[in-house]
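Enquirer: What follows is a single structure, and I will ask about it in a moment.
The values are calculated or read from the model by the stated rules, or taken from the named source; none is laboratory data. Treat the numbers as computed from the prediction; the structure is a model and nothing was measured. FYI the Cβ positions are ideal-geometry reconstructions off the backbone, even for glycines, and counts take in every protein chain you see. Protein only, heavy atoms only, side chains kept; ligands, DNA and RNA dropped before computing areas. Shrake-Rupley method; radii C 1.70, N 1.55, O 1.52, S 1.80 Å.
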Amino acid sequence: MLEKVNHIAIAVPDLAAAIATYRDTLGARVSAPQALPEHGVTVVFVELANTKVELLEPLGEASPIAAFLEKAPAGGMHHICYEVDDILAARDRLAASGARVLGDGNPKIGAHGKPVLFLHPKDFLGTLVELEQV
Ligand SMILES: CC[C@@H](C(=O)O)C(=O)SCCNC(=O)CCNC(=O)[C@H](O)C(C)(C)COP(=O)(O)OP(=O)(O)OC[C@H]1O[C@@H](n2cnc3c(N)ncnc32)[C@H](O)[C@@H]1OP(=O)(O)O
Ligand SMILES: [Co+2]
């Protein structure tokens, strides 16, 4: 079911500072910020040879990463995104196995314009898992 790692996400309190860290201190290529109100985040992607790092800053009052940053004010690893070729088949298989698919269970369009879903961290070794159909 799982194909490549599409991205590893880091939640940050200050996206501009995080961009400077990756661009200037680490010499990485960083995309322009994308505000995604339907996800409650503003994101950039650090482009790497074999995957991407997604830097996420809260956007709006109901951001799903606000509680995470309350517990980790300096930021931290937030989720890992795996690519799947059929997100509905993956969802149905996972739900049938008892895994909790977050939200209303229907994919939303993510930062890459592709359908994404999230799986509860408590079902996956304390790690929030995102699936993206490619
Ligand atoms: C940019 C768009 C898209 C993309 O295209 O890439 C994105 O990546 S959007 C990213 C932001 N969106 C999401 O994260 C959506 C899915 N997340 C959620 O539904 C919630 O954040 C959550 C995972 C259900 C947690 O909700 P929260 O309100 O924080 O609940 P709790 O605080 O009660 O947490 C329950 C439990 O889970 C632990 N937890 C929370 N977040 C994480 C995490 N990122 N990684 C690991 N564990 C996490 C939290 O500590 C609680 O544990 P206990 O305290 O032990 O109960
Ligand atoms: Co993501």
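Listed here are the residues, each with its yes/no results for (1) within 16 Å of ligand 2 (Cβ to nearest atom); (2) touching a Leu at 6+ places or on another chain (Cβ under 6 Å).
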{"position": "LEU2", "(1), (2)": "yes, no"}
{"position": "HIS7", "(1), (2)": "yes, no"}
{"position": "VAL12", "(1), (2)": "yes, yes"}
{"position": "LEU26", "(1), (2)": "no, no"}
{"position": "PRO33", "(1), (2)": "yes, no"}
{"position": "VAL41", "(1), (2)": "yes, yes"}
{"position": "ASN50", "(1), (2)": "no, no"}
{"position": "VAL53", "(1), (2)": "yes, no"}
{"position": "PRO58", "(1), (2)": "yes, no"}
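Enquirer: Pairs please, first residue from the stretch 80-101 and free of Cβ contacts under 8 Å to residues at least 40 places away in the same chain, second anywhere and β-branched (Val, Ile, Thr), Cβ atoms under 8 Å, 6+ apart in sequence or on different chains.
Expert: These pairs meet every condition: LEU94/VAL101; ALA95/VAL101.
Enquirer: Between ASP85, ASP123, which is in contact with an Asp or Glu (Cβ under 7 Å, 6 or more places away or on another chain), open to solvent by 20 Å² or more (accessible area, probe 1.4 Å) and farther than 30 Å from THR21 by Cβ?
Expert: Values: ASP123 fails: in contact with an Asp or Glu (Cβ under 7 Å, 6 or more places away or on another chain).
Answer to the check: ASP85.
Enquirer: For the stretch 41-50, state whether one or more residues are closer than 20 Å to LEU119 by Cβ and either within 15 Å of the chain's Cα centre (by Cα) or surrounded by 19 or more Cβ atoms within 10 Å (Cβ to Cβ) (or both).
Expert: Looking only at the stretch 41-50, we keep the residues that are closer than 20 Å to LEU119 by Cβ, and these are 41, 43.
After this cut, where a residue has to be either within 15 Å of the chain's Cα centre (by Cα) or surrounded by 19 or more Cβ atoms within 10 Å (Cβ to Cβ) (or both) as well, the list is 41, 43.
Checked against the condition, which is being closer than 20 Å to LEU119 by Cβ and either within 15 Å of the chain's Cα centre (by Cα) or surrounded by 19 or more Cβ atoms within 10 Å (Cβ to Cβ) (or both), the stretch 41-50 yields at least one hit.
Enquirer: Considering only strands (runs of 3 or more DSSP E) fully contained in the stretch 1-78, which possess at least 3 residues that are more than 14 Å from ligand 1 (Cβ to nearest atom) and over 21 Å from GLU132 (Cα atoms)?
Expert: Working: elements: 5-11, 34-36, 41-47, 52-58.
It comes to none.
Enquirer: From the list GLU57, GLU70, GLU61, GLU38, which residue is within 23 Å of GLY113 (Cα to Cα) and open to solvent by 80 Å² or more (accessible area, probe 1.4 Å)? Please lay out each step first, then the result.
Expert: Values: GLU57 fails: open to solvent by 80 Å² or more (accessible area, probe 1.4 Å); GLU70 fails: within 23 Å of GLY113 (Cα to Cα); GLU61 fails: within 23 Å of GLY113 (Cα to Cα).
None of the other options fit; the residue is GLU38.
Enquirer: Taking the condition of being open to solvent by less than 60 Å² (accessible area, probe 1.4 Å), out of contact with any His (no Cβ under 9 Å at 6 or more places or on another chain) and within 15 Å of ligand 2 (Cβ to nearest atom), how many residues in the stretch 91-115 meet it?
Expert: The total comes to 3.
Enquirer: Under the condition of being within 22 Å of GLY126 (Cβ to Cβ) and under 17 Å from the mean Cα position of the chain (by Cα), which residue from the stretch 80-90 is nearest to ligand 2 (Cβ to nearest atom)?
Expert: This residue is CYS81.
Enquirer: Conditions first: (1) more than 20 Å from ILE80 (Cα to Cα); (2) among the basic types (Lys, Arg); (3) buried (at least 16 other Cβ atoms within 10 Å of the Cβ). ARG23 passes all but one, so which condition is the exception?
Expert: Going through the list (1) more than 20 Å from ILE80 (Cα to Cα); (2) among the basic types (Lys, Arg); (3) buried (at least 16 other Cβ atoms within 10 Å of the Cβ), ARG23 breaks only (3).
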